[in-house]
Amino acid sequence: MKKPVIIIIAALCVAAIAIAQAVLERRGSAPSQLLEIFDVEGSSAKARLTINGEQIFVTNVFIGEYGIGKQREGDRKTPQGTLHAKRAFGILPNPGTKFDYIRVTPSIFACGDREYYNQIVDTAALHHVCTGEDMYHMGPDYNYGLETDYNSECIYKRGAAIFIHCKGNKPYTAGCIAFDQDRMIQILNLCDTSLVVTVHP
Ligand SMILES: [Zn+2]
């Protein structure tokens, strides 16, 4: 073979490898489990769960009373952007999820105090007198839920207890995302910690 031909073949090989890598990278960047919150209208929005590119459901959810774009504790907004689910919890028994599952008993609180800010704690084990959320008395909202990584640095007053949980009696939340309970069970049982949650207008 002549030298220019070899050079051309070599160049084509390099180009082919680069294209293959780009394709693989793009595939890798698409989350296998995606929960999109969109079509925000006041404290209502739509949610779409997609697993391995297949749409599982589109449903109506409730979000923060004042919509999205959370900045600080008490603004009653849901964070905008990307969230990840960390652990599951519930007043009811584990429905079969792969997530670590915190069974909510009367001593389990979502702490809003400086000491354990933005952490789910067992106040009995820690001997902590908690002024945070008494999770056991939040049902049916907390029949099942997922903890998100919002403010995972636990910066005091930046916002705590941003959860994905079941709908309660009100058509809004204080910043969480609320699903019908059967949808919540589906999310718990079909997903794991690779779940990516996106919140956009
Ligand atoms: Zn506390």
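What follows is calculated from the coordinates using simple rules that are stated; it is not laboratory data. Note that this is a predicted model, so its numbers are computed, not measured. Ideal geometry is used to build each Cβ from the backbone, glycine not excepted, and the neighbour counts take in all protein chains shown.
Here are the numbers for this structure:
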quantity: Whole-number percent relative contact order across the chain, with pairs defined as alpha carbons under 8 Å at least 6 apart; calculated: 27 percent
quantity: Degrees, to the nearest 10: 3-29 long Cα axis against longest axis of the chain; calculated: 10 degrees
quantity: Formal net charge of residues neighbouring Glu147 (Cβ-Cβ distance under 15 Å; K, R +1; D, E -1); calculated: -3
quantity: Radius 13 Å from Cβ of Cys130, net charge of other residues (Lys, Arg +1; Asp, Glu -1); calculated: -4
quantity: Aspartates and glutamates with Cα under 13 Å of Lys157, excluding same-chain neighbours fewer than 8 positions away; calculated: Glu73, Asp75, Asp113, Glu115
quantity: Restricting region 23-117 to GluC sites (Glu not before Pro) in coil, as DSSP defines it, with at most 15 other Cβ within 10 Å; calculated: Glu115
quantity: Computed E for Asp100/Gln55 - FRET, C-beta separation, R0 22 angstrom, nearest 0.05; calculated: 0.20
quantity: Helix 181-190 vs. the chain, principal-axis angle (Cα, 0 to 90°, nearest 10); calculated: 40 degrees
quantity: Selection of trypsin sites (Lys or Arg not before Pro), region 140-195, meeting DSSP coil and at most 13 other Cβ within 10 Å; calculated: Lys157
quantity: Rounded to 5, the percent of DSSP beta bridges in the chain classed as antiparallel; calculated: 70 percent
quantity: Residue-averaged 222 nm ellipticity for the chain, from DSSP H runs of 4+ at -39500 (n - 2.57), nearest 500; calculated: -6500 deg cm²/dmol
quantity: Cα-Cα over 25 Å, subset of Lys46/Lys70; Lys46/Lys170; Lys98/Lys170; Lys70/Lys167; calculated: Lys98/Lys170
quantity: Global geometry of the chain, whether rounded, prolate or oblate, following the gyration tensor of its Cα atoms and the 1.5 cut on a/c; calculated: prolate
